[in-house]
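Enquirer: My structure is below; once you've seen it, I'll send some questions.
What follows is calculated from the coordinates using simple rules that are stated; it is not laboratory data. These figures come from a predicted structure and were not determined experimentally. So basically every Cβ, Gly included, is an ideal-geometry build from the backbone, and we count neighbours across all protein chains shown.
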């Protein structure tokens, strides 16, 4: 045998092709779990979009499995990198919103439970209006969760979120 035989580029192995195919199918499964608004942000081809919508209404079973395989095939023949990039950006944005929500909730709870937390909040967010925060805290009645306390707590949360975002 000559060296020419070994120097030929045979492309990816069968195992590698199967791994790539399975990864595309898993991504297709993730696409079926998204809502319409999230799917719209991904800028999918119409064929992929139709296949995803069809898979979303199918019951689990062999038909759905074949539909997911079809979505994987369509993704392989499309600009998958840009779709993956859009998906990752969307997911990261959702993650950031969840983190912001938790930060706002933690500050709200600290401000309600601890009088000294107001100064900590002002130190961290100097643009905050101390007087308005105190007013919002005073409007929260202590004790049972009445409709007024829930409404006042929401107002405080919204105000905290506005301060943190700005």
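Enquirer: Please determine, in degrees from 0 to 90 and to the nearest 10, the orientation of helix 46-57 with respect to the longest principal axis defined by the Cα atoms of the chain, where the helix direction is its Cα long axis.
Expert: Helix 46-57 sits at roughly 70 degrees to that axis.
Enquirer: Can I ask one more? Which FRET efficiency, nearest 0.05, do residue 57 and residue 162 yield, Cβ-Cβ r, R0 35 Å?
Expert: Between residue 57 and residue 162 the formula returns 0.30.
Enquirer: Between residue 103 and residue 134, what's the calculated FRET efficiency when r is the beta-carbon distance and R0 is 25 Å? Round to 0.05.
Expert: Efficiency, from the Cβ-Cβ distance: 0.75.
Enquirer: A further question follows. Considering the stretch 81-126, what Rg and Dmax in Å follow from its alpha-carbon atoms?
Expert: Calculated on Cα positions, Rg and Dmax stand at 16.2, 51 Å.
Enquirer: Compute the convex hull volume of the Cα atoms of the stretch 52-135, divide it by the residue count, and report the result per residue in Å³ as a whole number.
Expert: Spread over its residues, the Cα hull of the stretch 52-135 gives 163 Å³ apiece.
Enquirer: Between the stretch 113-166 and the stretch 79-95, how far is it from one alpha carbon centroid to the other, in angstrom?
Expert: Comparing the Cα centres of the stretch 113-166 and the stretch 79-95, I get a distance of 35 Å.
Enquirer: Okay, next question. In whole angstrom, how long is each semi-axis of the equivalent ellipsoid of the stretch 96-165, when you take the square root of 5 times every eigenvalue of its Cα gyration tensor and sort them from largest down?
Expert: Result for the stretch 96-165: semi-axes of 19, 15, 10 Å.
Enquirer: Using only Cα atoms, find the angle between the long axis of helix 147-165 and the longest principal axis of the chain, and express it within 0 to 90 degrees, rounded to the nearest 10.
Expert: Between the helix axis and the principal axis of the chain, the angle is about 60 degrees.
Enquirer: Mean residue ellipticity at 222 nm from the helices of the chain, using -39,500 (n - 2.57) per DSSP H segment of n ≥ 4 over the full residue count, to the nearest 500 deg cm²/dmol?
Expert: -24500 deg cm²/dmol
Enquirer: Assuming a viscosity of 1.002 mPa s and a temperature of 20 °C, what translational diffusion coefficient in µm² per second does Stokes-Einstein assign to the chain, Rh being the Kirkwood radius over Cα pairs?
Expert: My calculation gives 105 µm²/s for D.
Enquirer: Can you tell me the orientation of helix 14-32 relative to the chain, as the angle in degrees between its alpha-carbon axis and the longest Cα principal axis, to the nearest 10?
Expert: Once rounded, one gets 40 degrees.
Enquirer: Once you have the Kirkwood Rh of the stretch 11-80 from its Cα pairs, apply Stokes-Einstein at 20 °C and 1.002 mPa s and quote D in µm²/s.
Expert: It diffuses with D of about 173 µm²/s by this estimate.
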